[in-house]
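Have a look at this one.
The values are calculated or read from the model by the stated rules, or taken from the named source; none is laboratory data. Predicted model, so just to flag it, every value in this text is computed and none were measured. Every residue, glycine among them, receives a Cβ derived from its backbone with ideal geometry; neighbour counts consider all protein chains shown.
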Amino acid sequence: MLGGDKSYDVAAFVEALREREVTPHIAVDGHVRKSGRPRKTAIDRRTTRHLGYAISQLVRHRIEEIFGWSKATGGIAQVKLRGLAKVRAGALHLRAGRLQPDPHSQTARRDRLPKPPHPAAASTPDRLHPP
């Protein structure tokens, strides 16, 4: 299996993969031409009908989100550091920040949890903790 971007959705490339017995998990290039017809894709139902292809595309999208976030929000669309060591340290710092949970999403999740029942509303006495 080989994953790829939609720019690899070319008949010659896909056929070369199949000759080597490699399954092409390539994103389908679904651009619409000026005439209104969709572009012909080299990926056919042999590949897209399988659950593995769908999972592969979901995972690829998650990875692309990280790169998109790092360029837009993380500020590495244009690196402002000089030297390989500084660039590596900046990228490591960026990845570490990306792995931190968002405090706002944590509180939002907590607010959606069901509230525990009030102790006075319990119909049976708590046998583990007598009054």
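When the residues of the range 27-46 are narrowed to those that are basic (Lys, Arg) and not in a helix (DSSP H, G or I), which ends up farthest from Leu58 (Cα to Cα)?
The initial filter retains those residues of the range 27-46 that are basic (Lys, Arg), namely 33-34, 37, 39-40, 45-46.
When the remaining residues are screened for being not in a helix (DSSP H, G or I), the result is 33-34, 37, 39-40.
Details: Arg33: 26, Lys34: 29, Arg37: 26, Arg39: 22, Lys40: 22 Å.
Top of the filtered list is Lys34.
Moving to a separate point now. Which one of Glu65, Glu19 is within 30 Å of Leu92 (Cα to Cα), acidic (Asp, Glu) and exposed (fewer than 12 other Cβ atoms within 10 Å of the Cβ)?
On the way: Glu19 fails: within 30 Å of Leu92 (Cα to Cα).
Only one candidate passes the filter, namely Glu65.
In this structure, does Val59 turn out to be surrounded by 11 or more Cβ atoms within 10 Å (Cβ to Cβ), under 13 Å from Lys6 (Cβ atoms) and of a type in the set (Val, Ile, Thr)? Quick ask: steps written out before the conclusion?
Values: surrounded by 11 or more Cβ atoms within 10 Å (Cβ to Cβ): yes; under 13 Å from Lys6 (Cβ atoms): no; of a type in the set (Val, Ile, Thr): yes.
No.
Please state which of the following conditions Ile26 fails to meet, knowing it meets all the rest: (1) out of contact with any helix residue (DSSP H, G or I) (no Cβ under 7 Å at 6 or more places or on another chain); (2) aliphatic (A, V, I, L, M); (3) surrounded by 14 or more Cβ atoms within 10 Å (Cβ to Cβ).
It fails just one condition, (1).
Okay, residues lined up against (1) modelled with pLDDT of 90 or more; (2) among the hydrophobic types (A, V, I, L, M, F, W, C); (3) surrounded by 12 or more Cβ atoms within 10 Å (Cβ to Cβ):
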residue: Asp9; (1), (2), (3): yes, no, yes
residue: His31; (1), (2), (3): no, no, no
residue: Val79; (1), (2), (3): no, yes, no
residue: Gly83; (1), (2), (3): no, no, no
